[in-house]
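This report concerns only the one structure given below.
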Amino acid sequence: MTLPLPPDVNDNPRIQFHAVAVSEEWLRKHMQLSRSGRTPGTRACGFIATGAMIVKRETPLALYKGLGAVLSSIVPKMATRFASFETYKGWLADAETGKTGVGGVFLAGLGAGTTEAVVVVTPMEVVKIRLQAQMHSLADPLETPRYRNAGHAVYTIVREEG
């Protein structure tokens, strides 16, 4: 069964991977945020019990909190990585031949990965984790969420924290 998305998006295995991985990661984060097992007289919930509890208390869509931040970061991540790789490779190229040696290509790849991590991955992980942590199933149900979506979270974090 495929996701009900346009055909060009359906063919992208990276998006399908993230659609599954985000719910698994959310379950792990929820287990870390949970107080069960840490307070006297309680037992820690397992992976499946945690997922069932989230679905019961909220909805099945609650397993996908933070997916918007992950999906919206795929294109900027790839663009940053490829553009920075080509830039670094050009800087490390031999001035006479215009070719880059194996060591230069390695350093360009290392620099591209570092640039991607600093410019895109770290900020988007902050947004994703804040979205996931703000309203987990054990929080006060009457408390209003601080962030409405990924865009609002970015705006609020930049405004308040710089």
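The values are calculated or read from the model by the stated rules, or taken from the named source; none is laboratory data. Every value quoted in this text rests on a predicted model; they were computed, and no experiment measured them. When the accessible area is computed, the model is the full protein with side chains, heavy atoms only, and any ligands, DNA or RNA have been set aside. Shrake-Rupley method; radii C 1.70, N 1.55, O 1.52, S 1.80 Å.
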>> To check my understanding: the extent here is largest minus smallest coordinate of the Cα atoms along each principal axis. What are those three numbers for the stretch 73-152, in Å, largest first?
In response: 67, 18, 13
> Could you give the accessible area per residue of the stretch 77-162, probe 1.4 Å, as a whole number in Å²?
Replying inline: 65 Å²
>> With a 1.4 Å probe and all protein chains left in place, how much of the accessible area of the stretch 61-162 comes from carbon and sulfur atoms, in whole percent?
In response: 66 percent
> To the nearest 10 square angstrom, how much accessible area does Phe47 have with a 1.4 angstrom probe?
Replying inline: 90 Å²
> Using a 1.4 angstrom probe and counting only protein chains, how large is the accessible area of Arg28 in Å², to 10?
Replying inline: 110 Å²
